[in-house]
1. What pairs come out if I take residues in the stretch 51-66 that are over 15 Å from Val18 (Cβ atoms) and pair them with residues that are of a type in the set (Ser, Thr, Tyr) whose C-beta lies under 6 Å away, six or more apart or interchain?
2. Being without any contact (Cβ under 8 Å) to a residue 40 or more places away in the chain and charged (D, E, K, R): is that true of Asp94 here?
3. Collect the residues in the stretch 11-27 that are of a type in the set (Gly, Ala, Ser) and either closer than 18 Å to Asp94 by Cα or in contact with an Asp or Glu (Cβ under 7 Å, 6 or more places away or on another chain) (or both), keeping them in residue-number order.
4. Looking at the structure I just gave you, is Val202 assigned by TED's automatic domain parsing to the domain that holds Thr126 and out of contact with any helix residue (DSSP H, G or I) (no Cβ under 9 Å at 6 or more places or on another chain)?
5. Among the listed residues Val201, Val208, Val220, Val291, identify the single one that is under 30 Å from Gly118 (Cβ atoms) and in contact with a Ser or Thr (Cβ under 6 Å, 6 or more places away or on another chain).
6. With the requirement that a residue be hydroxyl-bearing (Ser, Thr, Tyr), at pLDDT below 90 and assigned to a helix (DSSP H, G or I), what does the stretch 278-330 give you?
7. Does Phe130 qualify as being aromatic (Phe, Trp, Tyr) and under 18 Å from Ala324 (Cα atoms)?
Amino acid sequence: MHVAVDALGGDNAPAEIVAGTFAAAKRLPDDELILVGGAEVAWDALSSGIPGNVSFRESGGAIRMDEEPAAALRARPDTSVAVAARAVRAGEADAFFSAGSTGATVAAALLEVGRIKGCRRPAIATILPFDKPTLLLDVGATVACRPQDLLNFAILGGVFASRYLGLREAPRIGLLNVGEEPGKGDDLAREAHGLLAASGVVDFVGNVEGRNIARGVADVLVTDGFTGNVVLKTAEGVAREIMEMVGGEVTSTVLTKLAGIVLRPRLLAVHARVDPENYGGSFLLGVRGSVVIGHGNSCARGVENALLGISRAGAGLVEESERALATVQEQSTGDKV
């Protein structure tokens, strides 16, 4: 695969972005990585050996977090995220990565790359790192959804989960809701439940309450972008607080410190599982190319893992997603006839 990397996006750009790209390049010798940025990117790169499968592309600066994304892209079409997205549109790259402004990355993907056929709105999909990893979408791309959007998210998420998680069977799709019964929730949830249950193209397991998210009852959970974003950030915050509480308790007395020495490898393993850097970013599904949105404070390890994730999802994701969406549209047309 060919992947364009926004080297100027993120709190730790460009140094950590360059370092992570170089690390990924060494592990992905068959992929071509394109670092997009200004002279400072090349300067950082010259301080270490440049892998043979890494190239550079000149761009303007980055879009700031306080800028309105669409307006900034129109005013400065040479920004690094826009140039990276344009490489996908031109067929020079199969995917692009950015740890910069989420809004700017989504806007660049929509304006420069465009949506796939049959998808009204895109969705940001992220992995929840439980004992059995669960894909949650949307977590922020489309705040106001229609029932058909949630069906589309289920299809897109199912295709992606099969590839990324290596599922041997059809992914189990759940609808995030306030109760398990079909009649629960607002109009959006009730209508979406009916569409998912009648679609015949997804393995729909029904409504999933918030308390059951971590129990592995579904491989893919769909919801609107507002709810999904709150769930994701709540989960991240709770995980962080619990780890800090455990750390405080372990170091509170001499006895617990001794116990902590024994438990340390296990605690570190748990910390690693919930560390966002191990997944690197979230995929924007529904656009004509693989687009990964990294965490704003991504370090080299997070960038490396994000690029490895793009490779894991593989080429052909867009085409497979379009075929899956077309199947639903054909079925819907047939039902109306």
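The values are calculated or read from the model by the stated rules, or taken from the named source; none is laboratory data. These numbers come from a predicted model, not from an experiment. Virtual Cβ from ideal backbone geometry, glycine too; neighbours counted across all protein chains shown.
1. Gly60/Thr79; Ile63/Thr79; Ile63/Ser101; Met65/Ser101
2. Values: without any contact (Cβ under 8 Å) to a residue 40 or more places away in the chain: no; charged (D, E, K, R): yes.
No: the conditions fail for Asp94.
3. Our first condition is that a residue be of a type in the set (Gly, Ala, Ser); within the stretch 11-27, this holds for 13, 15, 19-20, 23-25.
Matches in the stretch 11-27: Ala15, Gly20, Ala23, Ala24, Ala25.
4. The answer is no for Val202.
5. On the way: Val208 fails: in contact with a Ser or Thr (Cβ under 6 Å, 6 or more places away or on another chain); Val220 fails: in contact with a Ser or Thr (Cβ under 6 Å, 6 or more places away or on another chain); Val291 fails: in contact with a Ser or Thr (Cβ under 6 Å, 6 or more places away or on another chain).
Selected residue: Val201, the only one of Val201, Val208, Val220, Val291 that is under 30 Å from Gly118 (Cβ atoms) and in contact with a Ser or Thr (Cβ under 6 Å, 6 or more places away or on another chain).
6. Ser311, Thr327
7. On the way: aromatic (Phe, Trp, Tyr): yes; under 18 Å from Ala324 (Cα atoms): no.
It is false that Phe130 is aromatic (Phe, Trp, Tyr) and under 18 Å from Ala324 (Cα atoms).
Table: residues versus (1) farther than 19 Å from Val178 by Cβ; (2) not acidic (Asp, Glu).
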site: Leu221; (1), (2): no, yes
site: Thr227; (1), (2): no, yes
site: Leu232; (1), (2): no, yes
site: Glu236; (1), (2): yes, no
site: Ile242; (1), (2): yes, yes
site: Thr251; (1), (2): yes, yes
site: Val254; (1), (2): yes, yes
site: Gly260; (1), (2): yes, yes
